[in-house]
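Q: Attaching a single structure in structure tokens format; questions to follow.
The values are calculated or read from the model by the stated rules, or taken from the named source; none is laboratory data. None of these values were measured; they are calculated from a predicted model. Backbone-built Cβ (ideal geometry, glycine too); neighbour counts: all protein chains shown.
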Amino acid sequence: MGRFFFALSFALLENFLSAHNPMSFFAFSLLRCLIRLVLFFAAAVAHAGEDESTNTQPGYLASLPSKLGLEKMTLQIKSDLHSDPLPLKYFGTANWADHLQARPGMNLVRIDQSASVELLLKDRPESLSVLARSSGRLLLSEDTARRLSTVVHGEKGSQDWQVSPQLTLKGFSGYGLDWQQSHALGPQWKWQWGAQGLILRSLYARDLQGDLSYQAVTQTYAFHARSIENSSTLQYPYQMPYDATGQGLLFQTHLAWQSGPLGFEAGVRDLGWLRWQELPRQELILNSSVKDRDSNGYLLYRPLLKGQNSQPTVVWSAPWTGDLQARWSFTQHHQLSLPWQYIPQFGWLPAYRWRDASGRVPWAVEWRAHDRNLVLQAQWKNWSVDWGLANLASESRSQVWRLMYAKKF
């Protein structure tokens, strides 16, 4: 039963990345974005054509962006995957436990993938984006990950031990609109804020708490744990019909200060709510103490595994991220920056970035200390590419890449 307990808890790790295959996700994302971009311009052409008799001339479409008041269009796809306890290539494989190696403290697994088309309005500090994205975050303690391999392999230790498993998962995927606006608060201050409305295609969360112990004398495991799973893909008997999509409303805000060569920026993103009506929920209680006595001394028998299914309407806070960045421009073309991220219940993810824009091909290099990944960036004309060197490693725990195209009108 110890194996069953940990198989239940760590099944999310196996499915966390395999269920979000980057190639299949980007195929979905790009298709969504491109279709909506075409529809947007088609609707604009139809609207402008009501008062424009020359809409069949060859130069009409070329002048359409200026008629719509557009200054710039940016297309971007990106993927940022990271796993502390397990190399990415072993997710979903049969021998994943053989390669499990936890880091000290809390361990982080994250997914951040998106595809977007952004339209910047001319003479107005506003932008509108069509996007599809997938975001997820898994936190588990070192003891949970470390003891997992022991139990799965059935190793019989010579010492007693006890651990309180800590595992929390929350994530979503969907598509929608993103609106951004910036304001100058003075010669040195700038404030940017925005809102993102999403139609959710998937929403999931998992929480595991309890106690697990091992006795060397009897070579047996004892556990008492509670697992709660909410998922739009969860299936069980006698399930009631529920909504095929959910809703998300997320906000972000950043405050920037610049004085000469020095700059500072702080903000937060993905601060908001995720909602799904009648989302399937399954609660499991595992208890290896199947018998006990009441106050009168009578023997009581308890079920080893007790479950309860329900379908509540959930409104969750989204997994938000804090941003903190300091910049120092040595010259007009050379800049050093420290773009740090804050993950709630985990801590800071420090990074150090150097940018050189003196040549024909501006470039930058960024060292992500926690991910142990060196990310290179290069710009050429309208194109920009980011690529993490850890992508090339056979046992990579971090994979980062981004492709962006920007067109000014």
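Q: One residue is enough: does the stretch 211-221 have a residue meeting the conditions aromatic (Phe, Trp, Tyr) and surrounded by 13 or more Cβ atoms within 10 Å (Cβ to Cβ)? Can you show your working first?
A: Pass one, the stretch 211-221, residues aromatic (Phe, Trp, Tyr): 214, 221.
If we keep only those that are surrounded by 13 or more Cβ atoms within 10 Å (Cβ to Cβ) too, we end up with 214, 221.
Checked the stretch 211-221: at least one residue is aromatic (Phe, Trp, Tyr) and surrounded by 13 or more Cβ atoms within 10 Å (Cβ to Cβ).
Q: Just checking, how many residues over the stretch 342-379 are in contact with a Gly (Cβ under 7 Å, 6 or more places away or on another chain) and either under 24 Å from THR74 (Cα atoms) or among the basic types (Lys, Arg) (or both)?
A: Adding up the residues that qualify gives 1.
Q: Show the residue pairs that are 6+ apart or on different chains and have beta-carbon atoms under 6 Å apart, the first residue being within the stretch 219-247 and farther than 28 Å from ILE199 by Cβ, the second being of a type in the set (Lys, Arg) and not in a strand (DSSP E or B).
A: Taking only residues 6 or more apart or on different chains, the pairs are GLN219/LYS156.
Q: If ARG397 meets every condition in (1) among the charged types (D, E, K, R); (2) touching a residue at least 60 places away in the same chain (Cβ under 8 Å); (3) out of contact with any helix residue (DSSP H, G or I) (no Cβ under 7 Å at 6 or more places or on another chain) apart from one, which number is that one?
A: So the condition that ARG397 fails would be (3).
Q: Among the listed residues SER394, SER329, SER337, identify the single one that is more than 30 Å from GLN282 (Cα to Cα) and crowded, with 18+ Cβ neighbours inside 10 Å.
A: One residue alone meets the criteria, SER337.
Q: Evaluate the stretch 161-176: report whether one residue or more is loosely packed, with under 14 Cβ neighbours inside 10 Å and assigned to a loop (DSSP other than H, G, I, E, B).
A: Yes, the stretch 161-176 contains a residue that is loosely packed, with under 14 Cβ neighbours inside 10 Å and assigned to a loop (DSSP other than H, G, I, E, B).
Q: Take the residues in the stretch 236-252 that are hydroxyl-bearing (Ser, Thr, Tyr) and in contact with a strand residue (DSSP E or B) (Cβ under 6 Å, 6 or more places away or on another chain), then tell me which one is surrounded by the most Cβ atoms within 10 Å (Cβ to Cβ). Walk me through how you get there before you give the answer.
A: At the first step, the residues of the stretch 236-252 found to be hydroxyl-bearing (Ser, Thr, Tyr) are 236, 238, 242, 245.
This time we only want the ones that are in contact with a strand residue (DSSP E or B) (Cβ under 6 Å, 6 or more places away or on another chain), so: 236, 245.
On the way: TYR236: 10, THR245: 15.
The residue in question is THR245.
Q: Ok, one more. Checking ALA225 against (1) within 19 Å of ASN309 (Cα to Cα); (2) under 23 Å from the mean Cα position of the chain (by Cα); (3) modelled with pLDDT under 90; (4) buried (at least 17 other Cβ atoms within 10 Å of the Cβ), only one condition comes out false. Which one?
A: That leaves (2) as the condition not met.
Q: Restricting to the stretch 68-102, count the residues that are in a loop (DSSP other than H, G, I, E, B), within 21 Å of the chain's Cα centre (by Cα) and either buried (at least 19 other Cβ atoms within 10 Å of the Cβ) or without any contact (Cβ under 8 Å) to a residue 12 or more places away in the chain (or both).
A: Of the residues in the stretch 68-102, the ones in a loop (DSSP other than H, G, I, E, B) are 68-69, 84-87, 91-95, 100-102.
Keeping just the survivors that are within 21 Å of the chain's Cα centre (by Cα) gives 84-87, 91-92, 102.
Filter once more, keeping what is either buried (at least 19 other Cβ atoms within 10 Å of the Cβ) or without any contact (Cβ under 8 Å) to a residue 12 or more places away in the chain (or both): 84-86, 91, 102.
Total satisfying the criteria: 5.
Q: Another one. Please state which one of ARG124, ARG110 is among the basic types (Lys, Arg), touching a strand residue (DSSP E or B) at 6+ places or on another chain (Cβ under 9 Å) and assigned to a loop (DSSP other than H, G, I, E, B). Steps first, answer last, please.
A: Details: ARG110 fails: assigned to a loop (DSSP other than H, G, I, E, B).
One residue alone meets the criteria, ARG124.
Q: Would you please name the residue that is farthest from ILE343 (Cα to Cα), looking only at residues in the stretch 256-283 that are touching a strand residue (DSSP E or B) at 6+ places or on another chain (Cβ under 6 Å) and either hydroxyl-bearing (Ser, Thr, Tyr) or part of a loop (DSSP other than H, G, I, E, B) (or both)?
A: PRO261
Q: Next question. With respect to the numbered conditions (1) under 20 Å from the mean Cα position of the chain (by Cα); (2) surrounded by 21 or more Cβ atoms within 10 Å (Cβ to Cβ); (3) small (Gly, Ala, Ser), which one is the sole condition not fulfilled by ALA145?
A: (1)
Q: Among the listed residues SER149, SER158, identify the single one that is at pLDDT below 80, of a type outside the set (A, V, I, L, M, F, W, C), closer than 26 Å to ASN95 by Cα and not in a loop (DSSP other than H, G, I, E, B).
A: Working: SER158 fails: not in a loop (DSSP other than H, G, I, E, B).
Being at pLDDT below 80, of a type outside the set (A, V, I, L, M, F, W, C), closer than 26 Å to ASN95 by Cα and not in a loop (DSSP other than H, G, I, E, B) holds for just one of SER149, SER158, which is SER149.
Q: For the stretch 116-142, name all the residues that are buried (at least 20 other Cβ atoms within 10 Å of the Cβ) and within 24 Å of ALA205 (Cβ to Cβ).
A: Matches in the stretch 116-142: LEU131, ALA132, ARG133, SER134, SER135, GLY136, ARG137, LEU138, LEU139, LEU140.
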